[in-house]
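Worksheet: the structure to be examined is printed underneath.
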Amino acid sequence: MGKSQALPIALILFVIIAIALGITTYLFKKQADEAILKENAVAQENAKLQQEVQQKTDDIVVLKRLIGFADAGMEEIETKVQAQMSEVAVKENPTYYTLISELQEKFVEAMKKSEEFEQQLVQVKTEMEKLRVDTAERIDVAEAEAKKAREQLESHGSAYATATTQMEESYQKMKTTTDSVVKKTQSEKKKAEENTEKAMSIIDDKQEQLDNMRRVIEESALPPQENPMGQIIFVNPRGNQGIINLGKADRLTRSLTFSVYEPKDMSEQGKKGTIEVIDVFDTRKAEVRIFNNDESNPIEEGDVIYTPTWSPGFQERFAIVGFIDIDDDGVSDLDTVLSLIRRNGGLIDAHQMENGLQSGKITSRTSWIVYGIAPDEKSSDDMRSTYTNFTNEAKKFNTKGMQIGELLRKMGYRPPAKARELSVRPETGTAGRSSTGSVSGLYQEDGKSSTPRRPPARSAY
């Protein structure tokens, strides 16, 4: 084949290669533009998310202003709210709960949107990686074709030099354009990731604020811990009377009863006896009568006192559920227990009546739920339904629970004097066992005795 024929063939090959490179460059540029549009959409969504987070921050500031604590910290808010609630007995105010629920819903919605954005970002990353691989493959193909063309041009001499130079220039231009697009895409991706991190940081801060607010509200609803409420500061030589370090400043009243414990042992094993307030004569002093004073381990100065029905300057609130029988005679003692709690400074928020129905209701301010004998399959529908409702409400408000026997022991309850008198056995004439002031084994914490007893048939149980 002569030189006159080789030159047209070379030109035709050059034109074909140039067209192929042009089409490849166009397709890559189109895909790169689509990727940039997707990155911009992600950036816009992140900006929208930041606006929503800022709106939530503004909502919290407005809420604090609306409730009257615009410049107050959470501890100050908690202190003032508790002080106001202790001064005026009001029904449960649902405002705080509604606020937390609304903020929680908004937070959940923001988290869902964030997850959607994260998924979109992952999708964009996947598409970018695919685009990078496709670009690399196309570059490899272009380089192979260029190499083949160079070899063909070199075999025909200088006539191919100009075509080779133009092809190299086209290749470098395409490579430069590709590098520029990849660099710009990576920059936009990094910016989107930074915006996402900022948004997540803001969301984390808001979540921490929500958790703190929720913790403050939950802690305000929890009942007080079982810590010593006072101390024995004097015991007379006979060991039957003494003085405690509580008085008028603590709103102490006569007839209140307490259990007495070892200073470092508030368990049942550390209990030494009971006391009853007989006179409140000073700001921080009151005279008490001492009972169940064991000579081998007498009540003495330094012993601590506790009752679940009263706190210094604060009224404990109770709910009573189940069949209440404190003297093991099969007859309901509900009225007696209600009277004991009220007489010892407690308030009754709710109780299960003898007919099985509910009186009052448990709220976040209820300190204790006291359990009697639970109903069984033979009990009335009202009795079982009310018992279940009480139990569920107690769980909802984190209300601490105890059995009736535990309540009576901790409040220092002593049966009436007639039940404590020594009895004489007719067949022997010997004195019987006197009562220790403790309650029947039926009322241990598990609510069972060694011989289970059912309520009388005439009761609602």
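Hey, which of the strands (runs of 3 or more DSSP E) in the stretch 268-329, taking only ones fully inside, have at least 1 residues that are surrounded by fewer than 18 Cβ atoms within 10 Å (Cβ to Cβ), in contact with a strand residue (DSSP E or B) (Cβ under 9 Å, 6 or more places away or on another chain) and without any contact (Cβ under 8 Å) to a residue 60 or more places away in the chain? Reasoning before the result, please.
Working: elements: 271-282, 285-291, 304-306, 317-321.
So the answer is 271-282, 285-291.
Scan the stretch 330-353 for residues that are more than 22 Å from Asp250 (Cα to Cα) and buried (at least 18 other Cβ atoms within 10 Å of the Cβ) and jot them down. Give the derivation first.
Here is the first cut: in the stretch 330-353, the ones more than 22 Å from Asp250 (Cα to Cα) are 330-338, 349-353.
Matches in the stretch 330-353: Ser332, Asp333, Leu334, Val337, Asp349, Ala350, His351, Gln352.
Is there a residue being farther than 30 Å from Asp205 by Cβ and of a type in the set (Lys, Arg) anywhere in the stretch 48-71?
For the stretch 48-71, residues farther than 30 Å from Asp205 by Cβ and of a type in the set (Lys, Arg): absent.
Restrict the check to the stretch 54-77 and report whether at least one residue is modelled with pLDDT of 80 or more and among the aromatic types (Phe, Trp, Tyr).
So far as the stretch 54-77 goes, no, none of its residues is modelled with pLDDT of 80 or more and among the aromatic types (Phe, Trp, Tyr).
Contact list please: Cβ distance under 7 Å, first residue in the stretch 123-146 and over 17 Å from Met174 (Cβ atoms), second residue open to solvent by less than 80 Å² (accessible area, probe 1.4 Å) and of a type in the set (S, T, N, Q), pairs at least six apart or on different chains.
Filtered contacts from the stretch 123-146: Met128/Thr185.
Hey, can you tell me all the residues within the stretch 180-201 that are open to solvent by less than 100 Å² (accessible area, probe 1.4 Å), over 17 Å from Ala32 (Cβ atoms) and of a type outside the set (Gly, Ala, Ser)?
Across the stretch 180-201, the qualifying residues are Glu193, Glu194, Asn195, Thr196, Met200.
Which one of these does Lys80 not meet: (1) buried (at least 16 other Cβ atoms within 10 Å of the Cβ); (2) of a type in the set (Lys, Arg); (3) free of Cβ contacts under 8 Å to residues at least 24 places away in the same chain?
It is condition (1) that Lys80 fails.
What pairs come up if the first residue lies in the stretch 1-18 and is of a type in the set (A, V, I, L, M) and assigned to a helix (DSSP H, G or I), the second is at pLDDT below 85 and open to solvent by less than 50 Å² (accessible area, probe 1.4 Å), and their beta carbons are under 6 Å apart, counting only those six or more places apart or on different chains?
Ala10/Tyr160; Ile17/Ala149
Which condition does Asp71 not pass, out of (1) part of a helix (DSSP H, G or I); (2) exposed (fewer than 11 other Cβ atoms within 10 Å of the Cβ), if it passes all the others?
So Asp71 meets the others, but not (1).
The values are calculated or read from the model by the stated rules, or taken from the named source; none is laboratory data. Worth saying up front: this structure is predicted, and the values here are computed from it rather than measured. We place every Cβ from the backbone using ideal geometry, glycine too, and count neighbours over all the protein chains shown. Remember, those area values only see protein heavy atoms, side chains included, never the ligands or the DNA or RNA. Shrake-Rupley method; radii C 1.70, N 1.55, O 1.52, S 1.80 Å.
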